[in-house]
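S.K.: Mind having a look at this structure? Questions to follow.
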């Protein structure tokens, strides 16, 4: 494999596939981390291997939060408001994120999430505005 495993997050699964307002990815935090370093890509599973091919233009980026081991992260695929909460009937902390998709995305079991971690980046400098000439 060309990428190291992400050990600080555990992918618990995709739940309620294809059900509007319930479909979600669930992760468990294993080590203290900043969620802004992570994201999710939608991909198509290769039935003949463990490989998955990312689907063009389907990326979720977490907002910045410091989270501790034991916290559960919910990523609902539909619209909604981000919030901190606890798992119903427990004291287990959770953070709820919403992707904002208008339709469910995991109805097909061939669609799977890829969790990624951003280690380093280059940001282009802000360009100087130039007068735009038209014919």
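The values are calculated or read from the model by the stated rules, or taken from the named source; none is laboratory data. Predicted, not measured: the structure shown is a model, and the values here were computed from it. Backbone-built Cβ (ideal geometry, glycine too); neighbour counts: all protein chains shown.
Residues are listed down the side, and each one gets a yes or a no for (1) closer than 12 Å to residue 23 by Cα; (2) out of contact with any strand residue (DSSP E or B) (no Cβ under 6 Å at 6 or more places or on another chain); (3) surrounded by fewer than 10 Cβ atoms within 10 Å (Cβ to Cβ):
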residue	(1), (2), (3)
89	no, yes, yes
98	yes, no, no
103	yes, yes, no
106	yes, no, no
110	no, no, no
119	no, yes, yes
122	no, yes, yes
125	no, yes, yes
132	no, yes, yes
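S.K.: If you don't mind, another one. For residue 33, only one of the following conditions fails: (1) over 13 Å from residue 116 (Cα atoms); (2) loosely packed, with under 14 Cβ neighbours inside 10 Å; (3) under 15 Å from the mean Cα position of the chain (by Cα); (4) at pLDDT 95 or above. What is its number?
M.R.: For residue 33, the exception is condition (2).
S.K.: Which residue, of 79, 69, is at pLDDT 95 or above, surrounded by 11 or more Cβ atoms within 10 Å (Cβ to Cβ), over 24 Å from residue 22 (Cα atoms) and in contact with a strand residue (DSSP E or B) (Cβ under 9 Å, 6 or more places away or on another chain)?
M.R.: The unique qualifying residue is 69.
S.K.: Turning to a different aspect of this structure: Just to verify a result, which residue in the range 5-20, among those that are out of contact with any strand residue (DSSP E or B) (no Cβ under 7 Å at 6 or more places or on another chain) and modelled with pLDDT of 95 or more, is surrounded by the most Cβ atoms within 10 Å (Cβ to Cβ)?
M.R.: The extreme case among them is 17.
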